[in-house]
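See structure below.
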Amino acid sequence: MAGSASAIALARIGSEVTVYEAREDPAGPVGSYVSLAVNGLRTLGVLGCLEPVQRTGFPVARQLMWSGRGKLLGDVARGRRPQDALHSITVMRADLVTALREEALRYGARIVTGQRLTGSTDPLASDADLIVGADGIWSATRRELDPVAPQPTYAGITHISGISDGARIRTPISRQGFNWIFARNGVFIYLPAPDGSVWWTAQVASAQPPADLDTVRLDDLAEKFRTEKQAAAVLQAATGVRAANIGYVLAPVTRRHDGRTVLIGDAAHPVGAGQGASMAMEDGVVLAAELAAADGIPAGLAAFDRQRQPRSGKLARIEAANRDAKTAGPIAGRMRELIMPHVFNRFYEKATGWLYDFDPGALPAGIQGSRGVQQLFQR
């Protein structure tokens, strides 16, 4: 998503763009659903992709927080300030990638699939004025920029997603909003879709990651969440596992650009907190805007980094606190059940409003080819 968004934005300012994508089908059935808060949606508006994404996804107005024993802990506006008429959108990852890639192609970007660059010295990148490392948390670009850069480590959580048949769910569950359950073995998230299905993600806390994600079984998952009635009911109606991924964290990256190469998205700052896609797209728009305004690529990259690092760093710290809450023990869980109903609704907007107030501005119109060849390096 970071690479596709950057391709659109750089092409919009007049750059010649090539995207190298390691997967043969980047928009294929990889991953699960993605939630986009209003800051991500406004960025999609700048990129020209908001309406296609709204059509293929569905709005989610509220976020409900539950204890494992079924007590409602909070009910807040999802991914927005309460007065914002624009609502968070949940969409399948493949549909979001498709919308971004189609817009990139419309603006003249060249997308090469099934081919991974080996770095800035790769012959394919020899004539590039700029290399954008949008190659994710395991970024090879990051290692090339700094051989001693931090490497991802296990976060203590595995993410397992799927879809359930809503008609088969007999136990009463919430039939609206984005539902977040603090469970004994992690967090369980589910949201009803307009077609009657229920989309869900189990964030399973464990000291060690699974040895083989291909062996994840619904029966084992249902056993882990058997004491949480809503989660158990959703899992009993599951039609299968759609995606399973081990969660990783990354220590702050100190070298994020040089005069020719820059990191964006998870390669630079895996933020989590339901903001990975939105922040990646923000990166693409801000990068293009700063390059268009700067006197040369090195100055544009430095300006981009100065603008983005405080925002992404703050969000990464919030995600660290969220992650600790997901892996908290039973005593912390009981304390949360006592305290959250009295404080969460009252303070949530104050704590998150800065995130949703982001203004992506507008991209300046460029002259085609004004910055030579811009090369994207994408996983």
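The values are calculated or read from the model by the stated rules, or taken from the named source; none is laboratory data. What you see is a predicted model, and the numbers here were worked out from it, not measured in a lab. Virtual Cβ from ideal backbone geometry, glycine too; neighbours counted across all protein chains shown. Just the protein is used for accessible areas: all its heavy atoms, side chains included, with ligands, DNA and RNA removed. Shrake-Rupley method; radii C 1.70, N 1.55, O 1.52, S 1.80 Å.
Here GLY276, GLY259, GLY284, GLY265 are screened, and the one residue that is of a type outside the set (S, T, N, Q), under 26 Å from LEU64 (Cα atoms) and touching a helix residue (DSSP H, G or I) at 6+ places or on another chain (Cβ under 9 Å) is GLY276.
Considering the stretch 289-314, the residues that are part of a helix (DSSP H, G or I) and of a type in the set (D, E, K, R) include one that is most open to solvent (accessible area, probe 1.4 Å), namely ARG306. Consider the stretch 234-252 and keep the residues that are surrounded by fewer than 18 Cβ atoms within 10 Å (Cβ to Cβ) and more than 17 Å from the chain's Cα centre (by Cα). The one that is farthest from LYS224 (Cα to Cα) is PRO252. Just for the stretch 194-203: of the residues that are in contact with a Ser or Thr (Cβ under 8 Å, 6 or more places away or on another chain) and open to solvent by 10 Å² or more (accessible area, probe 1.4 Å), which one is farthest from VAL234 (Cα to Cα)? Ranking the qualifying residues of the stretch 194-203, first place goes to GLN203.
Candidates in the stretch 253-286 are the residues that are open to solvent by 10 Å² or more (accessible area, probe 1.4 Å) and among the charged types (D, E, K, R); of these, the one that is nearest to LEU36 (Cα to Cα) is ASP266.
Residues in the stretch 102-152 that are assigned to a helix (DSSP H, G or I) and either of a type in the set (S, T, N, Q) or open to solvent by 50 Å² or more (accessible area, probe 1.4 Å) (or both): GLU102, LEU105, ARG106, PRO123, LEU124, THR141, ARG143, GLU144. Scanning the stretch 59-76 for residues that are outside any loop (DSSP other than H, G, I, E, B) and either of a type in the set (Ser, Thr, Tyr) or open to solvent by 30 Å² or more (accessible area, probe 1.4 Å) (or both) yields PRO59, ARG62, TRP66, SER67, LEU72, ASP75.
Here is a check on your reading of the model: is SER32 modelled with pLDDT under 95 and of a type in the set (Ser, Thr, Tyr)? Taking the combined requirement at face value, the residue satisfies it. Residues in the stretch 77-84: is at least one more than 17 Å from the chain's Cα centre (by Cα), open to solvent by less than 20 Å² (accessible area, probe 1.4 Å), closer than 30 Å to TYR348 by Cβ and of a type outside the set (D, E, K, R)? Yes, that holds for at least one residue. What do you reckon, is GLY40 closer than 19 Å to ALA362 by Cβ and either touching a Gly at 6+ places or on another chain (Cβ under 7 Å) or surrounded by fewer than 24 Cβ atoms within 10 Å (Cβ to Cβ) (or both)? Against the criterion (closer than 19 Å to ALA362 by Cβ and either touching a Gly at 6+ places or on another chain (Cβ under 7 Å) or surrounded by fewer than 24 Cβ atoms within 10 Å (Cβ to Cβ) (or both)), GLY40 does not qualify.
Scanning the stretch 175-191 for residues that are more than 19 Å from ARG80 (Cβ to Cβ) and either of a type in the set (Phe, Trp, Tyr) or open to solvent by 10 Å² or more (accessible area, probe 1.4 Å) (or both) yields ARG175, PHE182, ALA183, ARG184, ASN185, PHE188, TYR190. The single condition among (1) outside any helix (DSSP H, G or I); (2) more than 17 Å from the chain's Cα centre (by Cα) that ALA7 does not satisfy is (1). Looking at the structure I just gave you, is ARG226 open to solvent by 30 Å² or more (accessible area, probe 1.4 Å), in contact (Cβ under 8 Å) with a residue 24 or more places away in the chain, touching a helix residue (DSSP H, G or I) at 6+ places or on another chain (Cβ under 8 Å) and in a loop (DSSP other than H, G, I, E, B)? Criteria not met by ARG226. Out of all the residues in the stretch 113-135, is one or more free of Cβ contacts under 8 Å to residues at least 24 places away in the same chain and touching a helix residue (DSSP H, G or I) at 6+ places or on another chain (Cβ under 8 Å)? Yes - at least one qualifying residue is present in the stretch 113-135. Scanning the stretch 157-172 for residues that are within 27 Å of PRO341 (Cα to Cα) and surrounded by 22 or more Cβ atoms within 10 Å (Cβ to Cβ) returns a single hit, ILE157. Close Cβ contacts (under 7 Å, 6 or more residues apart or on different chains) running from residues in the stretch 1-21 that are within 21 Å of VAL53 (Cβ to Cβ) to residues that are among the aromatic types (Phe, Trp, Tyr) comprise ILE8/TYR107; ALA11/TYR107; ARG12/TYR107. When ALA231 is tested against the conditions (1) more than 17 Å from GLY136 (Cα to Cα); (2) of a type in the set (A, V, I, L, M); (3) not in a helix (DSSP H, G or I), the lone failure is (3). Suppose we filter the stretch 315-357 for residues that are open to solvent by 30 Å² or more (accessible area, probe 1.4 Å) and modelled with pLDDT of 90 or more; how many remain? The qualifying residues number 2.
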